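Derivation of every value follows stated rules applied to the coordinates shown; laboratory data play no part. Computed from a predicted model, the values in this text were never measured in an experiment. Glycine also receives a Cβ, built like all others from the backbone with ideal geometry; neighbour counts cover every protein chain displayed.
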Amino acid sequence: MHAAFGGIVPELASRDHLKNGGPVLHAALDKAGVTLADVDGIAVTCRPGLSGALLVGVQLARGLAWATDKPVVGVDHLVGHLLAVFLSYPDLAPVPPPELPFVALLASGGHTALYRVDGLELSQVRELGATRDDAAGEAFDKVAKALGLGYPGGPVIDRLAKEGNPDAIPLARPMPSRATLEFSFSGLKTNVARWVEAHGRPGDDQTLRDICAAFQRRVVDTLVKKAMLAVRQEGVQTLVLGGGVAANRELRERAHAAGEKAGLRVVVPAFRACTDNAAMIAFAGLTRLARGEDDSDTLTTSPRTALETVTRKGRGRRG
Ligand code: KG4
Ligand code: ZN
């Protein structure tokens, strides 16, 4: 629905939520083989994001909670991504959960940041650094658009990069040699756009694969380098990945390799748990419900994350 526009169109998103909320709820209950009566509580994403879409979900959840007399808790989308690593699936080999404390690299279409996680409560998550401009996934999407590859860009670039030569086309490295935990991807994105301006969209498949490989290599280099820097700085033994970009094959491989070399455990969520999904929201909500929390009377939406943020867009670290 959004593909034709090269990005999310807020009005279309909220209208679509309105149309799909009920049917999706029924389908999920059917698939899980439960009825609403079997459910202990309701979790709903309430931030950060577009208020139109968030409000549709929050109102549906509040209505359900009221009608069934069950507690409802709001979940921060980013907390969902951070905890996705705790999900397990009956058809996949079980992976022992990461031990606390850990450093988490969260890279999605809207956010890219490093966190120190000491526990599963909001106050136990501290941002170490974030992007000053584009999120990593946003860079994938914008580069894909410049190359005429459609939206979202991550999966298609991932696939093409596999057969490309990352050294065939010279692109600048994002924030070279800076020992900071902040990210910047807009320069790299502009670099690719300039290359397309100068050379035109790649006419042959190999050049297209090479430009994808060069771009992806630089994004992954930066993400892995900064994640390892954060782990060393915090003195923890575990690195966790999360967010849509954590589905990237090269990022997963390189993070594992870097962890092995440094004697650290790297834990990556299942592929299906990396990109947006409701299971991670249910799990994050469960941790709140288990503490007896209930937002029935107070639940609202917010465009901002509830996590403390230290990086200012465009300018970098506060203070
Ligand atoms: O977490 P997510 O599903 O939604 C947001 O919260 O933003 O992340 C979506 C982002 C998109 O920018 C998409 O291009 C990117 O994740 N993505 C990937 C891959 N799969 C999805 N980026 C790189 N490689 C992938 N395989
Ligand atoms: Zn997400």
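Among the candidates Val58, Val95, single out the residue that is away from ligand 1 (no atom under 14 Å from the Cβ), closer than 29 Å to Val9 by Cα and among the β-branched types (Val, Ile, Thr).
Checking each option against the conditions leaves just Val58.
Taking the stretch 118-148 only, how many residues are more than 16 Å from Leu188 (Cβ to Cβ) and surrounded by 20 or more Cβ atoms within 10 Å (Cβ to Cβ)?
Looking only at that region, the number is 4.
Any residue in the stretch 102-115 that is under 13 Å from Thr309 (Cβ atoms) sitting within a Cβ distance under 9 Å of a residue that is in a strand (DSSP E or B) and polar (S, T, N, Q)? List the pairs, counting only those 6 or more apart or interchain.
Filtered contacts from the stretch 102-115: Leu106/Thr112; His111/Thr131; Thr112/Thr131; Ala113/Thr131; Ala113/Thr311.
Test Gly164 against the stated conditions and say whether it is crowded, with 21+ Cβ neighbours inside 10 Å, more than 25 Å from Phe5 (Cα to Cα) and within 16 Å of ligand 2 (Cβ to nearest atom).
Against the criterion (crowded, with 21+ Cβ neighbours inside 10 Å, more than 25 Å from Phe5 (Cα to Cα) and within 16 Å of ligand 2 (Cβ to nearest atom)), Gly164 does not qualify.
Might you let me know whether the stretch 57-65 holds any residue that is away from ligand 2 (no atom under 16 Å from the Cβ) and either acidic (Asp, Glu) or closer than 30 Å to Thr238 by Cβ (or both)?
Restricting attention to the stretch 57-65, the residues satisfying the condition of being away from ligand 2 (no atom under 16 Å from the Cβ) are 58-65.
Still in the running and either acidic (Asp, Glu) or closer than 30 Å to Thr238 by Cβ (or both): none.
For the stretch 57-65, residues away from ligand 2 (no atom under 16 Å from the Cβ) and either acidic (Asp, Glu) or closer than 30 Å to Thr238 by Cβ (or both): absent.
Among the residues of the stretch 147-157, write down those that are farther than 25 Å from Arg178 by Cβ and either in a helix (DSSP H, G or I) or within 11 Å of ligand 1 (Cβ to nearest atom) (or both).
Leu149, Gly150, Tyr151, Pro152, Gly153, Pro155, Val156
Please specify each residue of the stretch 89-132 satisfying the condition of being outside any loop (DSSP other than H, G, I, E, B) and aliphatic (A, V, I, L, M).
Listed by number, the residues that qualify are Val103, Ala104, Leu105, Leu106, Ala107, Ala113, Leu114, Val117, Leu122, Val125, Leu128, Ala130.
Does Ala130 meet the test of being closer than 20 Å to Ala255 by Cα, within 14 Å of ligand 2 (Cβ to nearest atom) and touching a strand residue (DSSP E or B) at 6+ places or on another chain (Cβ under 8 Å)?
It is false that Ala130 is closer than 20 Å to Ala255 by Cα, within 14 Å of ligand 2 (Cβ to nearest atom) and touching a strand residue (DSSP E or B) at 6+ places or on another chain (Cβ under 8 Å).
Could you tell me which residue of the stretch 133-145 is farthest from ligand 2 (Cβ to nearest atom), considering only residues that are outside any helix (DSSP H, G or I) and touching a helix residue (DSSP H, G or I) at 6+ places or on another chain (Cβ under 7 Å)?
Asp133
Output the number of residues of the stretch 78-110 satisfying the condition of being within 16 Å of ligand 2 (Cβ to nearest atom) and surrounded by 23 or more Cβ atoms within 10 Å (Cβ to Cβ).
Counting residues in the stretch 78-110 that are within 16 Å of ligand 2 (Cβ to nearest atom) and surrounded by 23 or more Cβ atoms within 10 Å (Cβ to Cβ) gives 14.
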